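Note sheet for the following structure.
The values are calculated or read from the model by the stated rules, or taken from the named source; none is laboratory data. Model, not experiment: these values are computed from the prediction. Reconstructed Cβ throughout: ideal geometry from the backbone, glycine too, with neighbour counts over all protein chains shown. Heads up: the accessible areas ignore ligands, DNA and RNA and are worked out on the full protein's heavy atoms, side chains in. Shrake-Rupley method; radii C 1.70, N 1.55, O 1.52, S 1.80 Å.
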Amino acid sequence: MKKIIFSFLSLVIVAMLFTSCEQTYDDFMTGNVQTGGLVAPLKSFPYKLGGTTSFDVTVEVPKGPGIVSIEIYKTYTGKAEVLHGTIDVGSANATGPVTKSFTLDYNSLISGLGMPADESVLLIGDAWTLSYVSIMEDGRSVKNSSQTAIGVANFFAGDYLAHILYHHPSVGSYPGNVAVEETNEKGLIATSANTCKTEFAVWADECWITINADNSITFVVADSWPYDVGLGVPEHPELVSSYDPATGTIQLYYHYLGSTGYRIFHETFTIAN
């Protein structure tokens, strides 16, 4: 995850430098450059399959040359760009900054793009992109470099706090044999409409959490882990892994058999604020 974040930040910095150089070059070559028209929209939003109903997109319009309206264009992975709609500004930004917003849901997102009516068939990782063109009082059309990315995620992907109790036979019998108790930040990264991957327990190996239609859990650990991991707690069938859709909390009970007995884990995922 750190490598991914670093790579993303590197790309952003390079893009900013490139944009800055490009703007300086244009200003130098144009003796009487006209300014204005730039806006600051919401940068990104995770569209969670089965979990997003509607959401608002805000567009900040700074004080400057009057903007009559803002045209919003949209596209989706592999689709041609179409006009989504227009926001009326009425040159109100000439006297001070203005905040505009509009609401999106699945039907409005797919309108004009020839997309399926069933959102569950969308591929995790694909995305809509919104672009903005400012229509100025003097008749110019100013295309903004700032866009809004609306990525397809599943209903429980995101950042969590993972509180783990690691029970080990070397310190007694269950449930008092807690060898490790700690809380870590973990990202649950969507790999399908109902599956996310993350780090296994307190190690770097990957695991996959699937939330089934009845809110039960399927749990798979990467082949790199040398032991067979099973859900539940031996001799305690009442401890069942589950997902609470009301709070977004995931309760995981799992175990594996080591040379001296069962290693038992209770891991609770709560949504990070």
Exercise. Name the strands (runs of 3 or more DSSP E) wholly within the range 190-273 that hold at least 2 residues that are over 23 Å from the mean Cα position of the chain (by Cα) and more than 16 Å from His163 (Cβ to Cβ)?
Worked result: 249-258, 261-271
Exercise. Of a type in the set (S, T, N, Q), open to solvent by less than 60 Å² (accessible area, probe 1.4 Å), modelled with pLDDT of 95 or more and under 30 Å from Gly125 (Cα atoms): does that describe Thr183?
Worked result: no
For this session: List the number of the failed condition for Lys74; all other conditions in (1) open to solvent by less than 60 Å² (accessible area, probe 1.4 Å); (2) out of contact with any His (no Cβ under 9 Å at 6 or more places or on another chain) hold.
Result: (2)
Problem set entry | Which listed residue is in contact with a Ser or Thr (Cβ under 8 Å, 6 or more places away or on another chain) and free of Cβ contacts under 8 Å to residues at least 24 places away in the same chain, from Thr195, Thr218 | Thr218
Exercise. Would the range 239-252 turn up any residue that is in contact with an Asp or Glu (Cβ under 8 Å, 6 or more places away or on another chain), farther than 24 Å from Val152 by Cα and not β-branched (Val, Ile, Thr)?
Worked result: yes
Problem set entry | Matching entry among Ser108, Ser131 (being closer than 30 Å to Thr35 by Cα and either surrounded by 13 or more Cβ atoms within 10 Å (Cβ to Cβ) or modelled with pLDDT under 95 (or both)) | Ser131
Seminar exercise, completed: Here, strands (runs of 3 or more DSSP E) confined to the range 48-108 with at least 2 residues that are free of Cβ contacts under 8 Å to residues at least 40 places away in the same chain and β-branched (Val, Ile, Thr) are 82-88
For this session: State whether one or more residues within the range 160-170 are touching a residue at least 40 places away in the same chain (Cβ under 8 Å), under 30 Å from Thr35 (Cα atoms) and not in a loop (DSSP other than H, G, I, E, B).
Result: no
For this session: Working only within the range 32-47, note down all residues that are part of a loop (DSSP other than H, G, I, E, B) and either in contact (Cβ under 8 Å) with a residue 40 or more places away in the chain or within 12 Å of Ser134 (Cβ to Cβ) (or both).
Result: Gln34, Thr35, Gly36, Gly37, Leu38, Val39, Leu42, Lys43
Seminar exercise, completed: Picked from the range 150-165 (must be surrounded by fewer than 18 Cβ atoms within 10 Å (Cβ to Cβ) and at pLDDT 95 or above), the residue farthest from Thr249 (Cα to Cα) is Leu165
For this session: Could you tell me which of the residues Asn194, Asn177 is on the phi < 0 side of the Ramachandran plot, touching a helix residue (DSSP H, G or I) at 6+ places or on another chain (Cβ under 7 Å) and surrounded by 15 or more Cβ atoms within 10 Å (Cβ to Cβ)?
Result: Asn177
For this session: Report whether or not Ser145 is open to solvent by 60 Å² or more (accessible area, probe 1.4 Å) and either at pLDDT 95 or above or closer than 25 Å to Thr218 by Cα (or both).
Result: yes
Seminar exercise, completed: Taking the range 50-92 and keeping residues touching a strand residue (DSSP E or B) at 6+ places or on another chain (Cβ under 7 Å), under 15 Å from Ala149 (Cβ atoms) and charged (D, E, K, R) leaves Lys74, Glu81
For this session: Would you point out which residue out of Gly66, Gly114 is surrounded by 12 or more Cβ atoms within 10 Å (Cβ to Cβ) and not polar (S, T, N, Q)?
Result: Gly66
For this session: Please work out which residue is farthest from Ser141 (Cα to Cα), limiting yourself to the range 77-105 and to residues that are polar (S, T, N, Q) and open to solvent by 60 Å² or more (accessible area, probe 1.4 Å).
Result: Thr77
